[in-house]
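One structure below.
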Amino acid sequence: MLKELVGGVPYVRHVVVLSSDGLCIGQAETAPDKADAIAAACSGIQSLARAIAQMFPHGDGSTHMVGIEADAGDFSLMAAGPGAYLAVLADPEVDAGLLGDRMRTLVARIGRNMTSPPRDDIRQAM
């Protein structure tokens, strides 16, 4: 299903699903090393976004989407289920509205399967 996002939205380059602690749990059209690097960077971005969201009155820190527009392209990070996120990197020519809509549709279709429960503390397992 991740490949549908790459094929269905012109100018999309990388699609990565990651856990909240930065591990790549799925990717489409992205080399494994690149997917791992994107997932690790996204972990920091979602952590910062959560810290900012907690500053709103009555906020619990949950975020739904983070977007970054750069000279070289657009980046979108969307919550995709408990402990999971969908990240997309695209060329600057991408239709951001179409991309956001397709990301929401994808998350709705498979969101309940895109989860990454917290891992047990290794010290507790010993």
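Calculate how steeply helix 32-53 sits against the longest principal axis of the alpha-carbon atoms of the chain, using the helix alpha-carbon long axis, and give the answer as 0 to 90 degrees to the nearest 10. The angle comes out at about 70 degrees. Report summary: the helix-based calculation at 222 nm, which adds -39500 (n - 2.57) for every DSSP H run with n ≥ 4 and divides by the residues of the chain, gives -12000 deg cm²/dmol.
As a rough guide to protection, the peptides 94-100, 66-72 ranked by mean Cβ packing within 10 Å, highest first, stand as 94-100, 66-72.
Label sites at Leu23 and Ala108, each approximated as a point 7 angstrom past Cα along Cα to Cβ, lie 3.1 nm apart.
In what order do Val16, Val107 fall by count of nearby beta-carbon atoms within 10 Å, going from fewest to most?
Numbers: Val16 26, Val107 21.
In order of increasing Cβ crowding within 10 Å: Val107, Val16.
Computed from phi, the 3J(HN,Hα) profile of the stretch 85-96 under the Karplus parametrisation 6.51, -1.76, 1.60 (θ = phi - 60°) reads 9, 10, 10, 9, 10, 9, 5, x, 6, 4, 7, 4 Hz, with x in place of Gly and Pro. Out of Leu77, Leu89, Leu18, any idea which swings most in a Gaussian network model of the chain, alpha carbons joined below 10 Å? Residue with maximal mean-square fluctuation among Leu77, Leu89, Leu18: Leu89.
So what is the orientation-averaged projected area of the chain, using the convex hull of its C-alpha atoms, in nm²? Before the final figure, lay out the partial values.
Working: hull surface 35.9 nm².
Mean projected area of the Cα convex hull: 9.0 nm².
The numbers here are math on the coordinates, done by the rules we state, and not lab data. A quick note: this is a predicted structure, and the numbers were derived from the prediction, not measured. All Cβ positions, glycine included, derive from the backbone under ideal geometry; neighbour counts span all protein chains shown.
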